[in-house]
Every structure is written in C-alpha cells, then in structure tokens.
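What follows is a single structure, and I will ask about it in a moment.
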Amino acid sequence: MHSDGVIKIFAGNSNVGFAKDVAKILGLTLGKSDVSTFSDGEISVKIDESVRGADVFVIQSTCNPVNNNLMELLIMVDALKRASAGSITAVIPYYGYARQDRKTRSRDPITAKLVANLLTVSGIDRVLTMDLHAGQIQGYFDIPVDNLVGIPILAKYYIDKGFCSKDVVVVSPDQGSVGRARNFAEKLNAPIAIIDKRRPQANVAEVMHIIGEIKGKTVILADDLIDTAGTITLGAQALMDQGAKEVYACCTHAALSGPAIERLDKSPIKEVIVTDTIPLTDEKRISKINTVSVAPMFAEAIRRIYEHLSVSTLFS
C-alpha cells in the first residue's frame, strides 16, 4: 500500500466485529482507542496511539442506538482531527436517519441532511457507505461520498444456490425499490414484479396488488432495509395468496426492530439473507436469517481510497 501517510483503522462500538474483519482482510489491527461513557452518560473517547499524518478510517454504523453511535462517531472524528490525522474517512456501513431525506408533510425535518452537516463539521474528509436509502443523500455532503452497492454480493449468494432458472422472479416490495430490484434481477437473468402498496399511516403497510407474473414462480423479495419487517412480510403473504410457489427475501441492512423477528418467523418467507452492515444480536439469530459479509468489499474500497484508485469498479 502506498499513500502520503500510514493507514489506520479505528472503530466505534456499533459494529466492532465487522471493523475487525475489515482490518484483518487488510492485514491490519484496529487502532488503539477507548470509547466509553462517563457516569452521566456523556461519551468519552481516548485515542491511545499517534495518528499524526495518518490516513485514518473510522468504522461505525449509525444503527440502534442511533444517537449514541452517531455521537461516538462525531467525537472520535473530533479527537482524530485535533490529533493531526492526515485524512479522516468515516466508514458508515449503515447510514441511519436516511429515511428522513425530504419533507413529506409540512414542518417535517430533513434529518438526513442535518446528519450530513454534523459529520462534515466534525472534520471528516470523505464518507464510505453502502446502499444509502436514497441516492440523493450523497448530494447532502460537500465532500466525496462513495456509496457501495450490496446487490452483487446478495445476488452471488442466489446464483451460487442455483436460483437462475426461468422460474425465478425478483420482486420489489414497493415502488421505491424498483431500481434496486431491476439491478438485482439483471444479475440473475430474471424478470421483475412490483408490489403496489398504499401506506395509510407511518409504519403501517397496506398491500394492494402485484404488477407482473408470479404464479407458480419462486420469488425473491429484494430491499435495502428490513426494519419492522411489516412491508416484507405482508408482501410475502400477498405473493403466496396470488399463487407464488415460494418466497425468499434479502436486504442489505438488517435493522430488525420491534416485532420484526416475530413477523419474519411467522411469515411464509423461506429464508432471509442479510449482510453484516448492522450486527445481529443473539435474539435476532433465528434459523431463517443467514448473513453474507460485505467486509471484503469495504476492505477493498478502503484500500482503493488509500491508494487513490477508482472505487466505482467495485460496483460491477
């Protein structure tokens, strides 16, 4: 590896296992730091090695507890900046608050933009993330943003499992995910279908009808995020009701909050494939859920950023 400074990788507390995996692939160990809390709940950060002139990558998903993880990241960056790091890249496998990316009602906040401002002000030079909920969030930053895509890794899982027959259909759980489903379907050489749903109120999904041919087919529901799993499980049920043979599901970010695990367990979905951008706690490890790792992709992206090479070739 070559660049101006040495490369150092630090991690907050949100996804330490993932950070270790990334560091290991790069032949590095995690930088020495201690991120804890004072007794009143304020976050304490100690960087226990010199970072002067180094190219520093801080790995932290802003998943649940979102605000703690976000503050940890901001404070770590501030500490590294004040310790004269040569460059600081925030590696945010899962970018929280991304769903609040526009005003859908009057007096709504645009929290995704606020978080972008906070990150930029903290002193980062660049962001490396994956499958932003809305692509335009890249434009909320006035610094470079590399938005990796999880589709090639998820698609590879299904290709290796032999899901490339003419009986497979990739289904978008809503209109917002059509582009993602189409890219996914192209990798499997499969057609797509779309679930057209109306949402009567927040976090309540109401399935309407299915656009496309799914009768007698094996369907794969593809999304960027499964949170409460309402959309995906209702979608799966609707697909079965309309004659699908079997339903599989996959997503990049497994937030899996609230009733998600119970819903997935009871749903007709055969298997859910997720990535490790958000760590799965023990109570979320049910037999239906399997993980594929995106650590190799992040490691390669970090290596390319460090060596001033193109990152976009990773998208194919």
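The values are calculated or read from the model by the stated rules, or taken from the named source; none is laboratory data. Just so you know, these numbers come straight off a predicted model, no measurement behind them. Positions of Cβ are backbone-derived with ideal geometry, glycine not excepted, and every protein chain shown enters the neighbour counts. Just the protein is used for accessible areas: all its heavy atoms, side chains included, with ligands, DNA and RNA removed. Shrake-Rupley method; radii C 1.70, N 1.55, O 1.52, S 1.80 Å.
Kindly indicate which of Ile269, Ile273, Ile289, Ile305 is out of contact with any helix residue (DSSP H, G or I) (no Cβ under 9 Å at 6 or more places or on another chain), of a type outside the set (Phe, Trp, Tyr) and open to solvent by less than 30 Å² (accessible area, probe 1.4 Å).
None of the other options fit; the residue is Ile305.
Still on this structure, I have one more. Among the residues of segment 76-97, which ones are open to solvent by 50 Å² or more (accessible area, probe 1.4 Å) and closer than 23 Å to Thr277 by Cα?
Tyr97, the sole residue that qualifies.
Report yes if Gly212 is loosely packed, with under 13 Cβ neighbours inside 10 Å, over 22 Å from the mean Cα position of the chain (by Cα) and within 23 Å of Ile159 (Cα to Cα), otherwise no.
Here the answer is no, as Gly212 does not meet what is asked.
Out of Leu119, Leu114, which single residue is assigned to a helix (DSSP H, G or I), farther than 25 Å from Asp276 by Cα and out of contact with any Ser or Thr (no Cβ under 9 Å at 6 or more places or on another chain)?
Just one listed residue meets the conditions, Leu114.
Give me the residue from segment 98-124 that is open to solvent by 70 Å² or more (accessible area, probe 1.4 Å) and under 16 Å from the mean Cα position of the chain (by Cα) and, out of that set, modelled with the lowest pLDDT.
Ranking the qualifying residues of segment 98-124, first place goes to Gln100.
What's the number of the only condition in (1) among the β-branched types (Val, Ile, Thr); (2) assigned to a loop (DSSP other than H, G, I, E, B); (3) open to solvent by 50 Å² or more (accessible area, probe 1.4 Å) that Ile278 fails to meet?
(3)
Results for (1) of a type in the set (Gly, Ala, Ser); (2) in a strand (DSSP E or B); (3) under 22 Å from Asp131 (Cβ atoms); (4) free of Cβ contacts under 8 Å to residues at least 24 places away in the same chain, shown as yes or no for each residue.
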residue	(1), (2), (3), (4)
Ala19	yes, no, yes, no
Val22	no, no, yes, no
Gly27	yes, no, no, yes
Asn64	no, no, yes, no
Asn67	no, no, yes, yes
Ala79	yes, no, no, no
Tyr97	no, no, yes, no
Thr104	no, no, yes, yes
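Mind listing whichever residues of segment 162-189 are under 24 Å from the mean Cα position of the chain (by Cα), closer than 14 Å to Val219 by Cβ and outside any helix (DSSP H, G or I)?
Residues satisfying the conditions are Phe163, Val169, Val170, Val171, Ser172, Pro173.
Which of the residues spanning segment 261-276 are closer than 17 Å to Asp174 by Cβ, without any contact (Cβ under 8 Å) to a residue 40 or more places away in the chain and of a type outside the set (Ser, Thr, Tyr)?
Arg263 - this is the single residue of segment 261-276 that is closer than 17 Å to Asp174 by Cβ, without any contact (Cβ under 8 Å) to a residue 40 or more places away in the chain and of a type outside the set (Ser, Thr, Tyr).
Only one of these conditions is not met by Ala185: (1) open to solvent by 50 Å² or more (accessible area, probe 1.4 Å); (2) closer than 19 Å to Val274 by Cα. Which number is it?
So Ala185 meets the others, but not (1).
Among the candidates Val58, Val51, which residue alone is touching a helix residue (DSSP H, G or I) at 6+ places or on another chain (Cβ under 7 Å), more than 25 Å from Ser293 (Cβ to Cβ) and either modelled with pLDDT under 95 or crowded, with 22+ Cβ neighbours inside 10 Å (or both)?
Exactly one residue qualifies, and that residue is Val51.
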